[in-house]
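A quick write-up on the structure given underneath.
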Amino acid sequence: MTNTASPVRAGQRLECEVAMRWGDMDAYGHINNVEVVRLLEEGRIAAFGPPGGTGRPGQEPQIPFFSNLPAGAQALVVEHRIKYLASVEYRNIPLKVHVWISALKAASLTINYQIIDPATGTTCVKAETAIAFVSADSGSLVRITPEQKELVAPYVGEPILG
């Protein structure tokens, strides 16, 4: 019997829309660099969900990775790396944020982002966030389960920053 299902392709990217806020602008009229970190967070949550037990029910994430962490597990940011390529100019239309994973380890992962101006198609920001999973009670590392790794496997690709 021939398997006709299409194979899962690694290196896929999730595309999210993230709204800019008028108050995100700085004195120069573009989105402040500190607010860019918030935009990254919003893209990450839209792609992989909020950590379980936080917030109220709403729109489901594209891939429910963070929302399905084991009880008592926390996803903690270890590091942000950001490269600003062009100013993010305020628009009343959402930014396009591409999200994927470049490193998937035993108890951590690295999420990559590409922020794209929706009107011009210009890549404004390339970034990555390293996240570790720890127990809220003990502070010890929490391993990523085989099921969680399988869930995000199609979205593991090349790092955006060298």
Roughly what would the spin-label model give for residue 33 and residue 21, points 7 Å off Cα along C-beta, in nm? 2.1 nm
Nearest-0.05 FRET efficiency for residue 77 and residue 137, computed from C-beta distance (R0 22 Å): 0.65
Given a 1.4 Å probe and every protein chain left where it sits, what share in percent of the accessible area of the chain is carbon and sulfur? 51 percent
What distance in nm lies between label points placed 7 Å from Cα along the C-beta direction at residue 120 and residue 147? 4.6 nm
For the chain: accessible area per residue (Å², 1.4 Å): 57 Å²
If DNA, RNA and ligands are ignored and the probe is 1.4 Å, what is the ranking of 20, 25 by accessible area, most exposed first? 25, 20
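The values are calculated or read from the model by the stated rules, or taken from the named source; none is laboratory data. This one's a predicted model, so the numbers in the text were calculated from it and none came from an experiment. All Cβ positions, glycine included, derive from the backbone under ideal geometry; neighbour counts span all protein chains shown. The protein model used for the area step is the full one, side chains on, heavy atoms only, and it has no ligands, DNA or RNA in it. Shrake-Rupley method; radii C 1.70, N 1.55, O 1.52, S 1.80 Å.
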